[in-house]
Structures are given as C-alpha cells and as structure tokens.
1. In terms of Cα to Cα distance under 18 Å, which aspartates and glutamates are near enough to LYS26, apart from those fewer than 8 places away along the same chain?
2. Given points 7 Å out from each Cα along the Cα-Cβ axis, report the ASN84 to GLN53 separation in nanometres with one decimal.
3. For region 11-119, just say rounded, prolate or oblate: build the C-alpha gyration tensor, square-root its eigenvalues into a ≥ b ≥ c, call rounded for a/c under 1.5, and beyond that prolate if a/b exceeds b/c, oblate if not.
4. Quote the accessible area belonging to ILE163 in square angstrom, nearest 10, computed with a 1.4 Å probe and with ligands, DNA and RNA left uncounted.
5. Once amide H atoms are built 1.01 Å from N in the peptide plane, which residues 5 or more positions from ASP92, or in another chain, come under 5 Å H to H?
Amino acid sequence: FTEQDRITGKRVINLQNRAQQIEQGKQYAEQAQKEWRAQGITYNEAFDPEAYQRIVRIFSRLHSVSHLREEEWQPYLVGIDKWNAFTLGGADFFVYAGLEKDLKSDDELAAVIAHEMAHTVAGHIGEKTAYRTLSLVAGSRSSQRDTFQQAFTHTNEEEADKIGILYCAPAGFDPYAATRLWRRQYEQHGTHALLFQDHPMN
C-alpha cells in the first residue's frame, strides 16, 4: 500500500504500483480516443501538425529531465477549445487546443506542462485516491467533506508548482514564466479563473 516518493524519498500511501497506474492511464486514453472520434474531435497531427510538434518538442525536453524519464510517455494535443492540460497518473499526457493556442510563449506553455507532469511524478493522483479510499473504509466522516479535498489539493498543487519550476530550468525554459503566467491569469480572471478554484495563486 505504499511507495517511495520520487522527489522526497519518503514513503507515501498508494494502492497501485507504477505498472498499474500506467495501464489505467492507457485504458483512459484509448477510451478517450474512441469518444473523440465519435464526436468528430481530431487530435495530434490530424488536428494541427505544427501545433502538435510544438507540444511534443516542449514535452520531450521536460520529460528528459524528469524523474520518470526512463518511461515512454505519449503526449496528446486534443482539438477542444478549452484552457486545460492534465495527466491521470499514467504515461499519457493531454493538452487541449485552447491552452496551446492561448499560450504563445513556449516558456509559459512549458510551465503548465511541467506542473501537470509533476503531479504524476510525485504520485499525487494515486495518493489522493488512496487516502480517500482508506479513510472511507475506516469510516472517517472528515474525508467526505469538501475541506478535506481542498486541503489535500492545495498541498499537492504547491508541491507540483515547485517541481514544475525545477524541471523548467534544466530543460532550457525560463522558470520565472510560471509566476508571470499565473499572475496574468489572476489579473484577468480573479480567484475563480479557469482551473484556479482549488489552486493556490502563486
């Protein structure tokens, strides 16, 4: 039920080993592709060859300096006009077209990708699920409250911010781009902007 945190070396609770996490992510990616095709949503080269190569180039540089660089990851550029990027803990990475189009700066796009990559590297997805599952099994009422989820999320988001910045520098991207990006988004949208409802502002 535990694994070693790749960043801190500490033992953390996780109900899945790395192979299981990768397999689960692969299953989601395959299901997502079926749904995209059914809805007429294109992705990767079929959506925009130049934009996809930009994603691959930035992602590859960050992945090469990450703690999971020995794994073979698959980045996706999805033709959905939303400001979002995410990973579900496996080796598949998703960037929506709205985000890629909006962020003209490679440094800022790298900041978002590195942040999301950090969630998988630090085991946040599996860790959060494990804590919630075990708390429910143990009959903990606090784990069902929104404050439990928010506190857990804030801690993980702050850690992902730090890891993401540390990945940007050796990959050749400006680590200060993250601060510029989050400040601009805050000034434009406030505390409830986009994905920031449960993300602590930098």
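1. GLU35, GLU70, GLU71, GLU72, ASP92, GLU116
2. 2.9
3. On the way: a/c = 2.00, a/b = 1.24, b/c = 1.61.
Here region 11-119 falls in the oblate category.
4. Surface accessible to solvent at ILE163 totals approximately 10 Å².
5. Amide H neighbours of ASP92: GLN74.
The values are calculated or read from the model by the stated rules, or taken from the named source; none is laboratory data. All of these numbers come straight from a predicted model, not from anything done at the bench. So basically every Cβ, Gly included, is an ideal-geometry build from the backbone, and we count neighbours across all protein chains shown. For accessibility, only protein heavy atoms count, side chains too; no ligands or nucleic acids. Shrake-Rupley method; radii C 1.70, N 1.55, O 1.52, S 1.80 Å.
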